[in-house]
Amino acid sequence: KQEVTQIPAALSVPEGENLVLNCSFTDSAIYNLQWFRQDPGKGLTSLLLIQSSQREQTSGRLNASLDKSSGRSTLYIAASQPGDSATYLCAVQNSGNTPLVFGKGTRLSVIA
Amino acid sequence: DAGITQSPRHKVTETGTPVTLRCHQTENHRYMYWYRQDPGHGLRLIHYSYGVKDTDKGEVSDGYSVSRSKTEDFLLTLESATSSQTSVYFCATRFPGANVLTFGAGSRLTVL
């Protein structure tokens with residue numbers, strides 16, 4: 001059974017700092033991995049999707065990397081801003097037809 | 001949240017009463033999912049559907065049933081609500097071959 005872990009559960013950083021969020025998964029035979037953002041009281045918004053054949057994906061100040069062999073992914077946020085404050089969730093899909101399995105998320109606070 | 005509507009958005013009910021949550025999508029996505037989100041547990045899959053009248057159980061399906069009589073609607077029913085089913089429920093959809101999951105805004109259910 002696939003399990004996804006995110007460490008730390010919460011993180012507080014000053015504005016402008018570069019930061020890394022971590023995600024690990026137990027079964028390395030994944031189809032893809034996604035990073036989501038969730039604002040308080042809201043649904044989830046997809047940020048980046050990495051296919052199993054890819055090593056990284058970038059969108060603006062966000063960069064997600066994938067190391068399947070070690071069962072790890074990182075989400076790098078450059079020059080953090082208070083508007084980046086949210087919960088970030090990692091999710092993996094084991095095949096094209098199976099549902100995503102989510103981690104519990106990392107709650108990020110960027111202090112102005 | 002564009003294209004996915006969850007109703008009701010908030011509901012308070014009493015133990016033992018039936019409850020139905022509705023997810024309506026205008027995206028014509030084949031796959032639809034119901035998740036619940038609880039502190040300390042993250043997002044957990046309840047049931048999902050891969051087409052009209054085709055549904056399957058997720059990891060926390062006990063006490064829940066679903067129905068999908070047409071592409072755009074996926075209903076989640078609690079036959080006899082219990083306090084342990086107090087949670088925020090999220091619907092999500094996915095188009096085959098497009099791996100990005102799109103989420104609704106959530107339905108907050110409180111069972112007294």
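The values are calculated or read from the model by the stated rules, or taken from the named source; none is laboratory data. Treat the numbers as computed from the prediction; the structure is a model and nothing was measured. Cβ: placed from backbone, ideal geometry, glycine included. Neighbour counts: every protein chain shown. Just the protein is used for accessible areas: all its heavy atoms, side chains included, with ligands, DNA and RNA removed. Shrake-Rupley method; radii C 1.70, N 1.55, O 1.52, S 1.80 Å.
Per-structure values
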quantity: The protein assembly as shown, accessible area per residue, ligands and nucleic acids excluded (1.4 Å, Å²); calculated: 46 Å²
quantity: Net charge of neighbours whose Cβ lies under 13 Å from the Cβ of A:Thr106, counting Lys and Arg as +1 and Asp and Glu as -1; calculated: +2
quantity: Above-threshold pairs, the threshold being 29 Å between Cα atoms, out of B:Lys11/B:Lys53; A:Lys68/B:Lys70; A:Lys42/B:Lys70; A:Lys1/B:Lys70; calculated: A:Lys68/B:Lys70; A:Lys1/B:Lys70
quantity: Accessible surface of chain B [probe 1.4 Å, protein heavy atoms]: carbon and sulfur percent; calculated: 49 percent
quantity: Residue-wise HN-Hα coupling along the stretch B:37-51, computed from phi with Karplus coefficients 6.51, -1.76, 1.60 (Hz; x: Gly, Pro); calculated: 10, 10, x, x, 10, x, 8, 10, 7, 9, 8, 9, 9, 10, x
quantity: Over chain B, equivalent-ellipsoid semi-axes from the Cα gyration tensor in Å; calculated: 22, 14, 13
quantity: A:Asn97 paired with A:Ser59, simple spin-label distance in nm, labels 7 Å along Cα-to-beta-carbon; calculated: 2.8 nm
quantity: Portion, in percent, of the accessible area of the stretch A:1-66 that falls on carbon or sulfur, probe 1.4 Å; calculated: 47 percent
quantity: Between A and B, accessible area buried - total, square angstrom, nearest 100, 1.4 angstrom probe; calculated: 1500 Å²
quantity: For the stretch A:18-27, 3J(HN,Hα) per residue [Karplus equation, 6.51 cos²θ - 1.76 cosθ + 1.60, θ = phi - 60°, Hz, x = Gly/Pro]; calculated: 7, 9, 10, 9, 10, 9, 10, 9, 7, 9
quantity: Per-residue ³J(HN,Hα) for the stretch A:39-51, Karplus 6.51 cos²θ - 1.76 cosθ + 1.60, θ = phi - 60°, Hz, x for Gly and Pro; calculated: 8, x, x, 10, x, 9, 10, 6, 9, 8, 10, 10, 6
quantity: Pairwise Cα inverse-distance average, inverted: Kirkwood Rh of the protein assembly as shown (Å); calculated: 18.0 Å
quantity: Reduction of at least 40 Å² in accessible surface, 1.4 Å probe, comparing all protein chains with the chain by itself, residues of the stretch A:70-108; calculated: A:Asn97, A:Pro99, A:Leu100, A:Phe102, A:Lys104
quantity: Most to least accessible of A:Thr45, A:Thr98, B:Thr26 (protein chains only, probe 1.4 Å); calculated: B:Thr26, A:Thr45, A:Thr98
quantity: Summed side-chain charge close to A:Ser65 - residues other than A:Ser65 whose Cβ falls under 15 Å, Lys, Arg +1, Asp, Glu -1; calculated: +2
quantity: For peptides A:32-39, B:75-82, A:54-61, sequence by mean Cβ density within 10 Å, most packed first; calculated: A:32-39, B:75-82, A:54-61
quantity: Rounded accessible area of A:Ile7 (nearest 10 Å², 1.4 Å probe); calculated: 110 Å²
quantity: Net charge contributed by nearby residues that have their C-beta within less than 13 Å of B:Ser83 (K/R +1, D/E -1); calculated: -2
quantity: Calculated SAXS-style log₁₀ I(q)/I(0) at q = 0.20 Å⁻¹ - the stretch A:37-112, Debye, Cα scatterers; calculated: -0.98
